[in-house]
1. Any idea which residue in the range 103-125 is nearest to Thr3 (Cα to Cα), counting only those that are modelled with pLDDT under 95 and either open to solvent by 80 Å² or more (accessible area, probe 1.4 Å) or outside any helix (DSSP H, G or I) (or both)?
2. Could you list, in sequence order, all residues of the range 4-41 that are in contact (Cβ under 8 Å) with a residue 12 or more places away in the chain and not in a helix (DSSP H, G or I)?
3. Quick check, is Thr66 open to solvent by 80 Å² or more (accessible area, probe 1.4 Å) and farther than 16 Å from Ile119 by Cα?
4. Contact list please: Cβ distance under 6 Å, first residue in the range 61-84 and outside any helix (DSSP H, G or I) and of a type in the set (Val, Ile, Thr), second residue crowded, with 16+ Cβ neighbours inside 10 Å and modelled with pLDDT under 95, pairs at least six apart or on different chains.
5. Got a sec? Which of Glu23, Glu43, Glu29, Glu17 is of a type in the set (D, E, K, R) and open to solvent by 70 Å² or more (accessible area, probe 1.4 Å)?
6. Counting only residues that are of a type in the set (A, V, I, L, M) and over 15 Å from Lys126 (Cβ atoms), which one in the range 1-17 is modelled with the lowest pLDDT?
7. Going by the structure shown, is Leu141 out of contact with any helix residue (DSSP H, G or I) (no Cβ under 8 Å at 6 or more places or on another chain), part of a helix (DSSP H, G or I), open to solvent by 20 Å² or more (accessible area, probe 1.4 Å) and closer than 26 Å to Met1 by Cβ?
8. Could you figure out which of (1) under 25 Å from Ala11 (Cβ atoms); (2) open to solvent by less than 30 Å² (accessible area, probe 1.4 Å) isn't true of Ala94?
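The values are calculated or read from the model by the stated rules, or taken from the named source; none is laboratory data. Since the model is a prediction, treat every value here as computed from it, not as a measurement. Note: ideal-geometry Cβ built from the backbone for every residue, glycine included; neighbour counts use all protein chains shown. When the accessible area is computed, the model is the full protein with side chains, heavy atoms only, and any ligands, DNA or RNA have been set aside. Shrake-Rupley method; radii C 1.70, N 1.55, O 1.52, S 1.80 Å.
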Amino acid sequence: MVTNFDFLKSADKNLYEIISDAEMLYRDEYYDQCISQTRKFAENVCKNTLGNNRTTEDTFDQMLATLKDITNGSEEEKEFIDDLYFLKKCGNDAVHASSVGKSGINALECLQRAFEVAINYSVYVKKASKTNLDLHFDIDLLATGKKNKKLAREYQKAKGIVPEKSTKTATKKKAAKPQISAMKSSPNPKKITPYWIVVGFFSIVALFIVLFLLILK
């Protein structure tokens, strides 16, 4: 089955299997389990990213603290670590929750954060193609086969995301401006100017002078 994380398969098969399981849990509406699985994914990403820089760190918190210390502070690294922290927190909340809740919106948010983590990990850690940076999370692909068909739309509404179809419709409406007739109005008739009045007057005077001279002959 095609997933949003297929690009990760060639870079790290183990991580791909962990996160693809999270997508399957989501489709079956096991939202808390999906969130917990994204936490497992994030912890393994953190461990792999540390590599030889990991010494006595055993817990996820310790590994995150070390990873934060050794980064250069770039925007990409900051977002990467923020996403890992987010997945850790949500995973802990899901594991320690006193009751089982269908937190589908939170599960979607975790999968999207995991997607961004996977992209950065594949490009900056595993040196995969930078074309991965142009990939986008496909909610429709994620929703394929799931029971609750309205959840993707609920998520888009909650996050202020405009569906592609709606965006295209809005674009068409915006483009459909009122048509303006291309025909030009006929020009107004020209008025007689003082110049032509003067010309006409002297022409008449000249005509009388010529007639007067002819009569004198």
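1. Going through the qualifying residues, I end up with Asn106.
2. Within the range 4-41, Asn4, Phe5, Ser10, Ala11, Asp12, Asp28, Glu29 qualify.
3. Working: open to solvent by 80 Å² or more (accessible area, probe 1.4 Å): no; farther than 16 Å from Ile119 by Cα: yes.
In short, no.
4. Thr71/Glu77
5. Values: Glu23 fails: open to solvent by 70 Å² or more (accessible area, probe 1.4 Å); Glu43 fails: open to solvent by 70 Å² or more (accessible area, probe 1.4 Å); Glu29 fails: open to solvent by 70 Å² or more (accessible area, probe 1.4 Å).
Going through Glu23, Glu43, Glu29, Glu17 in turn, just one is of a type in the set (D, E, K, R) and open to solvent by 70 Å² or more (accessible area, probe 1.4 Å): Glu17.
6. The first filter runs over the range 1-17 and keeps only residues of a type in the set (A, V, I, L, M), leaving 1-2, 8, 11, 15.
With the extra rule that they be over 15 Å from Lys126 (Cβ atoms), the set shrinks to 1-2.
Working: Met1: 74, Val2: 85.
Residue satisfying both the conditions and the ranking: Met1.
7. Working: out of contact with any helix residue (DSSP H, G or I) (no Cβ under 8 Å at 6 or more places or on another chain): yes; part of a helix (DSSP H, G or I): yes; open to solvent by 20 Å² or more (accessible area, probe 1.4 Å): yes; closer than 26 Å to Met1 by Cβ: yes.
The answer is yes for Leu141.
8. All conditions are met except number (1).
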